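See structure below.
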Ligand SMILES: C[S@@+](CC[C@H](N)C(=O)[O-])C[C@H]1O[C@@H](n2cnc3c(N)ncnc32)[C@H](O)[C@@H]1O
């Protein structure tokens, strides 16, 4: 499978230097999603309410960039989309995603329950395991994302958690927003001030970003954006400082 050549320099702290095909999705889910923590719950509620108010036109196509081993961004888009593409580089995560669909594991039910709790909303009209038949998995490198292709987008814990280079953080956000049609709603989540992370004994990189960094990077790319820290105070791992959520609409891509 040819993933293309990442556009950024290939030195030891760049995205291309890390063993993404060895990413252990089972361990990652156990580490991060075995229990629905308060910060993820708040993010789900905010994304849900944002997507309800900015719902794309019927027939929309959604994308979750760097989907990895997390189904909740996809679940948040599902009621609004004719198709959702899970775009991912890692072979092990692609295999995990293929294995989860459409009859995903019960571990994701509490996440869906937060979405479905909103009364009189599109989430109440959907059986997620039936709707998940509309989800497809696409291998690829986000630095090679097609432009202007999708009507709704998510990118969770990817831009800041796939390189140690701030330049690649900015570039990942640019590729993500430019993959959307102008005006398309999006949600992007980030670990705040992350020191990097370990999955099954393998060290993966991060750029230690703040909400100000996210806003600075997104502002030139968007029609509309809000960026806010999300932190209930529960320290779920060493050096954890909460999450950051950006909600907005893509601007027109300028070359
Ligand atoms: C920290 S995980 C986040 C996974 C998931 N989105 C979540 O919310 O938990 C980072 C993900 O980015 C993916 N990734 C890293 N570099 C990538 C690239 N160049 N293109 C696409 N995906 C990439 C990894 O394989 C991994 O699934």
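Where a number appears in this text, it was derived from the coordinates with a stated rule and is not lab data. The structure presented is a predicted model; accordingly, all values stated were derived computationally and were not measured. Virtual Cβ from ideal backbone geometry, glycine too; neighbours counted across all protein chains shown.
What single numbered condition from (1) closer than 19 Å to residue 250 by Cβ; (2) out of contact with any helix residue (DSSP H, G or I) (no Cβ under 6 Å at 6 or more places or on another chain); (3) within 12 Å of the ligand (Cβ to nearest atom) fails to hold for residue 187?
The failed condition is (2).
Can you confirm whether the range 7-22 contains a residue that is under 14 Å from the mean Cα position of the chain (by Cα), more than 9 Å from the ligand (Cβ to nearest atom) and surrounded by 14 or more Cβ atoms within 10 Å (Cβ to Cβ)?
no
Listed residues 242, 200; which is at positive phi, in contact with a helix residue (DSSP H, G or I) (Cβ under 8 Å, 6 or more places away or on another chain), surrounded by fewer than 17 Cβ atoms within 10 Å (Cβ to Cβ) and touching a residue at least 24 places away in the same chain (Cβ under 8 Å)?
200
Got a number for residues in the range 101-127 being surrounded by 21 or more Cβ atoms within 10 Å (Cβ to Cβ) and more than 17 Å from the chain's Cα centre (by Cα)?
2
Among the residues that make up the range 50-64, is at least one of them within 15 Å of the ligand (Cβ to nearest atom) and in a helix (DSSP H, G or I)?
no
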